[in-house]
Amino acid sequence: MNSCTHLFDYKNKNMVCVKECTCCGSNNYFSIYDKDRYGYDVRSNLCMSCGVVFISPRMSEESYMEFYNKSYRQLVSCFNKRKIDKITIQNEQEVYANSVYEFIKPHIVNKFDKINLLDVGGSTGIVSKALKDEFTNNYDGIDVDATVIDPSMDELAIAKENGLNIKNGFIENLEGIDEKYNLIILCQTIDHLFDIRKSLTIIYHALTNDGIFFIDIVDFKYMLINRGIEKSIKLDHPHNFSYQSTFNILQDVGFSILATSVIYDGHLVGFLCSKQKPSTPNYDLTNEINDLLNLIRYRK
């Protein structure tokens with residue numbers, strides 16, 4: 001067992017049984033593994049309809065809130081054998097933020113005079129601040145008002161110090177987002193969410209009709225190929241996505257994919273989206289699901 005498990009009492013937390021895939025609603029899923037990379041007893045399931053991997057049972061939202069506020073960074077630090085906290089992540093996040101900026105810049109410049117930015121799961125707000133600074137200092141000074149949503153108050157405190165608006169909590173619990181945003185970013189966060197369709201639908205309605213939505217995923221297929229199943233599952237990721245499963249759920253909710261790109265390094269794939277009417281995905285995921293099953297079988 002991983003020696004890091006003493007840092008968080010996972011087995012005694014409140015659990016929720018997820019009976020249906022939160023992306024497509026199917027109850028047809030296949031159990032693929034019963035441990036996570038830290039050594040906890042985490043059962044992961046592959047949805048046989050949409051190809052998304054999800055944890056069930058998983059911790060309740062209250063237990064995850066406690067986890068993110070008290071133990072998350074310690075656990076990740078222990079696993080990676082180096083200190084990772086709200087301070088140390090900032091240098092790494094600045095490099096990542098630059099790659100996000102370069103990806104979305106062609107779709108923003110000359111489109112908006114003012115940007116109302118929502119950063120979902122934005123941690124210390126490094127990406128939001130980088131985007132705000134870049135767009136404000138260039139292109140005749142586009143005015144940017146940025147808001148960060150995150151469950152960790154410690155990390156939000158840094159975002160607030162950097163002049164960003166903050167909201168504490170999970171996007172699923174912020175249904176009453178009355179304000180509209182013409183740029184919404186979901187950076188390295190969708191894997192952490194509890195209800196995927198609900199979250200993306202909230203974002204869809206919070207986005208202006210001419211707005212831009214950026215989202216990236218940790219590509220589960222890439223992780224399986226390069227690290228194997230035992231290092232690809234972690235309790236802080238209730239969901240795992242491949243490129244095609246993400247493409248389908250975005251289209252199903254009502255987003256049109258403008259561009260895709262590898263973000264930062266090989267394990268992150270970014271999608272840039274605009275709004276359209278929800279449409280039925282036309283891509284058959286049978287081959288994708290079979291590929292995932294084969295990688296799971298042979299790369300344990």
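The values are calculated or read from the model by the stated rules, or taken from the named source; none is laboratory data. Since the structure is predicted, the reported quantities are computational estimates derived from the model, not experimental observations. For neighbour counting, all protein chains shown are included, and Cβ atoms are generated from backbone atoms with ideal geometry for every residue, glycine included.
Numbers at a glance
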read-out: Residue in segment 74-83 that is within 18 Å of the chain's Cα centre (by Cα) and at pLDDT below 95 present; value: yes
read-out: Verdict on Ser49 being touching a helix residue (DSSP H, G or I) at 6+ places or on another chain (Cβ under 9 Å) and closer than 18 Å to Cys23 by Cα; value: yes
read-out: Residues of segment 238-284 satisfying the condition of being more than 15 Å from Arg197 (Cβ to Cβ), hydroxyl-bearing (Ser, Thr, Tyr) and under 14 Å from the mean Cα position of the chain (by Cα); value: Ser242, Tyr243
read-out: Phe103 being touching a Gly at 6+ places or on another chain (Cβ under 9 Å) and part of a helix (DSSP H, G or I); value: yes
read-out: Every pair of residues 6+ apart whose Cβ atoms lie under 6 Å, when the first sits in segment 153-168 and is over 18 Å from Glu66 (Cβ atoms) while the second is polar (S, T, N, Q) and not in a helix (DSSP H, G or I); value: Ile158/Thr124; Ala159/Thr124; Asn165/Thr147
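Quick grid of which residues meet (1) out of contact with any Lys or Arg (no Cβ under 8 Å at 6 or more places or on another chain); (2) modelled with pLDDT under 95; (3) surrounded by fewer than 19 Cβ atoms within 10 Å (Cβ to Cβ); (4) not in a strand (DSSP E or B):
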| position | (1), (2), (3), (4) |
| --- | --- |
| Ile217 | yes, no, no, no |
| Leu224 | no, yes, no, yes |
| Ser261 | yes, yes, yes, no |
| Asp265 | yes, yes, yes, yes |
| Cys273 | yes, no, no, no |
| Ser279 | yes, yes, yes, yes |
| Asp284 | yes, yes, yes, yes |
| Asp291 | no, yes, yes, yes |
